[in-house]
Structures are given as structure tokens and as C-alpha cells.
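Data block below; observations after.
The values are calculated or read from the model by the stated rules, or taken from the named source; none is laboratory data. Treat the numbers as computed from the prediction; the structure is a model and nothing was measured. Here the Cβ is made from the backbone with ideal geometry for all residues, glycine too, and neighbour counts use every protein chain on show. Surface areas here come from the heavy atoms of the whole protein model, side chains and all, with no ligands, DNA or RNA. Shrake-Rupley method; radii C 1.70, N 1.55, O 1.52, S 1.80 Å.
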Amino acid sequence: LKVGYYDKSCRGVENVVKWHVARAIKANRKSGAALVRLIFHDCFVRGCDASVLLDPTPENPHTEKTAPINIGLAAFDLLDDIKAAVEDRCPGVVSCADILIFAARDAASLLSNGHVHFDALAGRLDGVHSHAAEAQQDLPDSTFTIAELIQNFKRKNFTIEELVILSGAHAVGVGHCSSLRARLTAPADQILPAYRGLLAGKCAKGPDPIVPNNIRDEDAGAVAATIPGFLPKLRKVKDFLDNSYYHNNLARIVTFNSDWQLLTEKEARGHVHEYADNGTLWDEDFSDSLVKLSKLPMPHGSKGEIRKMCRFVNHH
């Protein structure tokens, strides 16, 4: 993998990606949050091989995107549009895996006003395997304890510090109520009771509603009714990627059990305080952690290809 991999074979490809990502985020910042989530959900399973983008087919009805743990993944249409534009420019040259990394990098930069930034390595191939069971096995669940989270990240060679850094991505995006059910009955030492009430009210509104990961992105009405003191902290611009997750965590107003769990272990808790105190440090460390994520390789001996369409393997 190297920076500038396509400089000769597909000049300007990164600009094409960035133009599409910027346009999508201008229309709806949630698409940016979805791209940041995708880099993790792709790379943690079989390495960064765009296996998460494959649609189910009669031959393989249970691809990664059908896994319960991948509920709510989005931005697939946006990646289809980018891939089509790139194929027009340089047919058969740029992998979906690299497009996903470029797009996630641009999304993180745009959502953070440029504070999260890194040069993206490229030169990946697209995988031809995608299995829901592997996603269930490899990705950390929102119900995990701190011990399970640490073990899960350690399997991919990530430290406790990197677990805390990457959890900060929960400053943006949304979660499904099915992923935070345990929080609706958690005791007051684990979740601010007023926030628990806010979540319970929202989660009662249908079979599996979504709620903002970051209370600062909540609608004013819900906050006024439950935590009026928090109203001044609501953000004018939603889905802004910064260190607010760590402030929210220390105040016990985070959505998932796996978020709160970071406060239950000494080293992890120390890092939560560290990043709450120093937003610039988090910007830098999050950038570095995304680069490390982007280097996760395909399983040894895997075959890869350059897909023509990101949702389907090529038919040889």
C-alpha cells in the first residue's frame, strides 16, 4: 500500500471521490457519518477489501451487510455513484476497497472542518468473500463489557488506547434502539436518569427507531422535556466530528453500553479523560487510528480483484 498509488494509472481519482463526498455531505451530513462507520465495519472483517459492500445473491444470501451487527449501515448508493464516475474515468483500475478508504477519509475531514486528516494509502484489491457470520464474529457489539471490547480489539492488534480513540467516532451518526435496549433499564450510576428517560421516550415510538449517537445532535423538544439544562449545548451543525463524545461519556449521556464501559477500566477511563481535555490530541490520534485501520490486510492467501460494481463480484 502506498500514498499516491493511482497518480499514474488514474490521475485525479481522489479529487473525484472528494467532490462526490463533499456534495453528499452538503445535502445530508449523515452520509458522512455513514462513511466513517463503513471504514471500521469493512476493515475489521477480512481486512479492507470492500466485502461489506457486497449485496446478497442467490449464491450467497447472507453477505456481511445482512448481519444484525451491521444494522443501519448506509452510504452504499453514494459509493455506487463514486465508483461509476471513477469507472468512466479509468475503467477497471481503482478498487472499491480504495474508494471506500478515500471516501471515509474525506468524510472524516469534512465533518471535522479539516481537523481529522491523513494521506490515504491505496493499492488494495476487492475481496470475493463476504459472510454475515464473520461480521458477527469479528465486530464488537454494543452490549459488550470492557473485557470483551479489549479482547475484540486485541485480536486485530489494537490497544486499549486505540479502542478509546476509535469509540470517539460515536460523536457522529445514529444508533438503533435495538442496539441500546440495555441502557433503558441501566442504573443511575451508568446513565443519567434524565437521558435514560429521553432514550426510553424515543425508543417507544416504533419497532426500532434511530436516535442520534451524540446528545448534542438531539432535537430541542426532546431535550427541553427531559434535560433542559443541556439545551445550550445542542449543536447548530449536527454530525460534527470532535471530542464531544468524551465529555458526554463522563457525564453518563452516551447511547451504548459499550460506550459507558470505557469508564469501568482504569486505563480506558484515563484515556477518556485525556481526550475530553484535549480535542486536538484526539483529532491527531483518531487520524492515526484510521490509517492503522486502513492497513488491515485481507486473510493470508486471499484472491482479490478490481470489481466493476461495488455490490457484486465480477463474473469470470
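A few comments on the model shown:
- Heavy-atom accessible surface of the chain: percent carbon and sulfur, 1.4 Å: 55 percent
- Exceedance of the 31 Å cut-off in Cα-Cα distance is limited, within the set LYS2/LYS236; LYS202/LYS233; LYS18/LYS266; LYS202/LYS295; LYS65/LYS233, to LYS2/LYS236; LYS18/LYS266; LYS202/LYS295; LYS65/LYS233.
- For the range 38-125, alpha-carbon Rg and Dmax in angstrom: 13.6, 44
- Modelled spin-label separation between ASP208 and ASP189, with each label point placed 7 Å from Cα along the Cα-to-Cβ direction: 3.3 nm.
- A 1.4 Å probe run over the protein chains yields, for the chain, 44 Å² of accessible area per residue, whole-number rounding.
- Gyration tensor verdict on the range 225-285 (Cα atoms; rounded if a/c is under 1.5, prolate if a/b is larger than b/c, oblate otherwise): oblate
- Available extension along the chain between VAL291 and ASP277 is 2.7 nm, counting 0.36 nm per residue and deducting the alpha carbon span.
- Span from the the range 45-101 Cα centroid across to the the range 132-151 one, whole angstrom: 22 Å
- Charge tally for PHE153 (other residues, Cβ to Cβ under 13 Å; Lys, Arg +1; Asp, Glu -1): -3.
- Residues in the range 90-101 carry Karplus couplings, in order, of 9, x, x, 10, 9, 6, 4, 4, 5, 4, 4, 5 Hz; the curve used is 6.51 cos²θ - 1.76 cosθ + 1.60 with θ = phi - 60°, and Gly or Pro positions show x.
- FRET E, pair GLU267, ASP88, Förster distance 51 Å, beta-carbon r, rounded to 0.05: 0.55
- Listed residues ALA104, PHE286, VAL237: farthest to the positive end of the dipole of the chain (Cβ charges): VAL237
- Set of lysines with alpha-carbon distance to LYS205 below 17 Å, sequence-local pairs under 8 removed: none
- Cα-projected label distance for GLN151 with ALA22, points at 7 Å along beta-carbon direction, nm: 4.6 nm
- Note: relative contact order over the chain, using C-alpha pairs below 8 Å and six or more positions apart, is 26 percent.
- 19 Å Cα-Cα reach of LYS26 towards aspartates and glutamates, excluding residues that sit fewer than 8 places from it in its own chain: GLU14, ASP77, ASP80, ASP81, ASP106, ASP217, ASP239, ASP242
- The range 13-41 versus the range 162-212: alpha-carbon centroid distance in Å: 24 Å
- Extended-chain gain in nm, criterion 0.36 nm per residue less alpha-carbon gap, THR159 and LYS2: 54.1 nm
- Dividing the Cα radius of gyration of the range 146-290 by its Kirkwood radius returns 0.96 for Rg/Rh.
- Förster radius 22 Å - calculated FRET efficiency between SER178 and ALA200, Cβ distance, rounded to 0.05: 0.95
- Pairwise Cα distances in the chain exceed 24 Å in 52 percent of cases.
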